[in-house]
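K.L.:
I'd like to ask some things about the structure below.
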Amino acid sequence: MSDDFATINEWLVHLINEIWELETKAIITDEFKDISNNDMHVIEAIGLGNGNNMSTIAKKLNITVGSLTTAMNSLVRKEYATRRRGEDDRRVVFICLTEKGRQAYRHHEDFHRLLTEGVMKQLNEEEMPVLIRALEGLTEFFHTYSEQNQK
């Protein structure tokens, strides 16, 4: 195993764990102590628009509609989101964030903005494309790995 491989492996494992832990601490504040980090990512997937259907949100999160239903029940009960039936097709359920949900969304968005700005300020103009290419490669790995393990 090369030194580069060991270093990259160590950094990736460390970063994934650190981001998850730091994000949890940063976004689950006294104001949002009644939800989990997973709930916050569901809120992010719902978004600030006029509503997405359950299938669209589940696809963004790479989970089943059944798993999303469990999370949605909790978010609706805690008044972060609302459900409404489609006017054209009553079987379709649309999810929208309440004002409380929008506040949580913006809070989470602020953490991501600070994270991104923190990374970007460390790089010069020539380094930025290298980071972008590395992140694209990491994203491609995650997508490929996920697809292979769903079969």
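What follows is calculated from the coordinates using simple rules that are stated; it is not laboratory data. The structure displayed is predicted, hence computed values, not measured ones. Note that we place each Cβ from the backbone using ideal geometry, even for glycine, and neighbour counts take in every protein chain shown.
K.L.:
GNM, the chain, Cα, under 10 Å: largest mean-square fluctuation among Asp110, Asp30, Asp39?
P.N.:
So, out of Asp110, Asp30, Asp39, the one fluctuating most is Asp30.
K.L.:
Continuing with the same structure: Determine the principal axes of the Cα atoms in the range 36-98, then give the extent along each, sorted from largest to smallest and rounded to whole angstroms.
P.N.:
34, 23, 19
K.L.:
Another question about this same structure. How high is the relative contact order of the chain, in percent, with contacts defined as C-alpha pairs under 8 Å that are six or more residues apart?
P.N.:
Relative contact order, the chain: 20 percent.
K.L.:
Above 19 Å lies some portion of the pair distances; for the range 82-151, what is it as a whole percent of all C-alpha pairs?
P.N.:
The answer is 66 percent, as a whole percent.
K.L.:
If the reach is capped at under 20 angstrom between alpha carbons, list the lysines near Lys100, excluding any in the same chain fewer than eight residues apart.
P.N.:
By straight Cα distance, Lys100 reaches Lys25, Lys33, Lys78.
K.L.:
Which GluC sites (Glu not before Pro) in the range 47-151 sit in a loop by DSSP (not H, G, I, E or B) and have at most 15 other Cβ atoms within 10 Å of their own Cβ?
P.N.:
Taking the range 47-151 and a limit of 15 other Cβ atoms within 10 Å, the loop GluC sites (Glu not before Pro) found are Glu79, Glu87, Glu125, Glu126, Glu127.
K.L.:
OK, next. Asn17: net charge of surrounding residues, Cβ under 14 Å, Lys/Arg +1, Asp/Glu -1, itself excluded?
P.N.:
With Lys, Arg at +1 and Asp, Glu at -1, the neighbours total -3.
K.L.:
Now a separate question. So which trypsin sites (Lys or Arg not before Pro) in the range 55-149 are both in a DSSP loop and have at most 10 other Cβ atoms within 10 Å of their Cβ?
P.N.:
For trypsin sites (Lys or Arg not before Pro) across the range 55-149 that sit outside H, G, I, E and B with at most 10 neighbouring Cβ atoms in 10 Å, the list reads Arg90, Arg91, Lys121.
K.L.:
Take the alpha-carbon positions of the chain, form their convex hull, and give its projected area averaged over all directions (one quarter of the hull surface) in nm².
P.N.:
So the Cα hull casts an average projection of 11.9 nm².
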